[in-house]
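Colleague: I'd like to ask you about the structure that follows.
The values are calculated or read from the model by the stated rules, or taken from the named source; none is laboratory data. The structure displayed is predicted, hence computed values, not measured ones. Reconstructed Cβ throughout: ideal geometry from the backbone, glycine too, with neighbour counts over all protein chains shown.
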Amino acid sequence: MEAPELRVLAVVRWQLFLTLTFKREAIRDKVRGTMLMTFIRKFENVTQAVPRRLLWCCRRERGEIGSRLHFHLLIGGLPTKRVHKGLCFQTMRLWESMGGGFARVRVFDPVLDGLGYVLKGLDGADGYESGKFAGRSELTLSESCRRVVRRGSLRTDSPSSNGEKIE
């Protein structure tokens with residue numbers, strides 16, 4: 001059964017897909033969370049995004065090889081002119097300069113179903129996929145994403161990723 005939040009997240013115009021790793025496995029969850037939030041605030045500063053208006057969705061996962069925890073993030077809400085390959089490299093350097101492990105950042109391509117990848121296994125139907133998410137099925141959403149989910153839709157004149165106008 002699909003959660004209503006997933007339908008709302010499916011109409012967000014995601015712009016970046018990120019994978020953020022850690023140098024060491026032995027890092028407490030609280031430290032990982034603090035690193036993530038520090039990264040988001042620095043990213044907002046670098047991109048000149050309106051503070052706390054950035055749309056982001058994060059899920060932690062255990063890797064296929066070595067079972068190391070890492071984050072997958074989707075980011076949206078940036079001015080279109082700021083989203084380019086150079087920003088991807090700048091974002092990778094930002095995470096690595098904070099003491100994170102390696103980072104992979106790509107301009108979001110809806111054809112590649114990055115949203116589906118981040119949301120996989122949330123319905124619990126696929127035990128293997130669900131297990132990779134460190135025994136947790138929750139997503140971490142930015143406050144702006146939570147507002148979008150509470151409203152149940154986006155109020156924008158921009159076309160959605162499938163070309164339909166979202167009211």
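Colleague: Please verify whether the stretch 82-93 includes one or more residues that are at pLDDT below 90, in contact with a helix residue (DSSP H, G or I) (Cβ under 7 Å, 6 or more places away or on another chain) and farther than 16 Å from residue 144 by Cα.
Modeller: Looking for residues that are at pLDDT below 90, in contact with a helix residue (DSSP H, G or I) (Cβ under 7 Å, 6 or more places away or on another chain) and farther than 16 Å from residue 144 by Cα, one finds none in the stretch 82-93, hence no.
Colleague: Considering every residue within the stretch 113-124, establish whether at least one is on the phi > 0 side of the Ramachandran plot, touching a Ser or Thr at 6+ places or on another chain (Cβ under 9 Å), at pLDDT below 90 and loosely packed, with under 13 Cβ neighbours inside 10 Å.
Modeller: Yes - at least one qualifying residue is present in the stretch 113-124.
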